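Chemist: What follows is a structure written as structure tokens; I'll ask about it next.
Here, each number is a calculation from the coordinates, and none is a lab measurement. None of these values were measured; they are calculated from a predicted model. Ideal geometry is used to build each Cβ from the backbone, glycine not excepted, and the neighbour counts take in all protein chains shown.
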Amino acid sequence: MSIDEDFKQASEDVQKLSKKPDNKTLLQLYSLYKQATEGDVTGDKPGAFDMVKRKKYEAWQKLQGIQKEQAQKAYIELVNRLKN
């Protein structure tokens, strides 16, 4: 399978996990997925009163500059660890 196919499969597999990951892991999944699909973070940082969106933005922002393929590989590896 190609990296794109593996990534697509991982994004499907994450929906079928037997146990919901903790919030830290969910943020990792979110940020890696966004970096792999959209690239570097865009837009204004959400305000302090919208903590969920702000945390997501900050997690994604930390991955700035990481290439699509690197983010895909990290996402796939994380999903595979969660499946085991």
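Chemist: What full-extension length gain, to one decimal in nm, is calculated for M51 and K19 as 0.36 nm per residue of separation minus the Cα-Cα distance?
Modeler: Gain on stretching M51 to K19: 9.1 nm.
Chemist: While we're looking at this one, here's another question. Where q = 0.10, 0.17 Å⁻¹, what log10 of I(q)/I(0) comes from the Debye formula for the chain, counting one point per Cα?
Modeler: Here the Debye-derived log intensity ratios amount to -0.25, -0.68.
Chemist: A further question on this structure: Using 7 Å Cα-to-Cβ label points, what is the M1/Y30 separation (nm, one decimal)?
Modeler: The modelled label-to-label distance comes out at 2.5 nm.
Chemist: Give the angle, between 0 and 90 degrees and rounded to the nearest 10, that separates the Cα long axis of helix 3-13 from the longest principal axis of the Cα atoms of the chain.
Modeler: 80
Chemist: Tilt of helix 68-83 relative to the longest C-alpha principal axis of the chain, in degrees (0 to 90, nearest 10)?
Modeler: 70
Chemist: Continuing with the same structure: Could you order peptides 18-24, 61-67 by the average number of other Cβ atoms within 10 Å of their residues, highest first?
Modeler: Descending packing order for the listed peptides: 61-67, 18-24.
Chemist: Under a straight-distance cross-link criterion of Cα-Cα below 20 Å, which lysines are reachable from K83, leaving out those fewer than 8 residues away in the same chain?
Modeler: K8, K16, K19, K20, K24, K73
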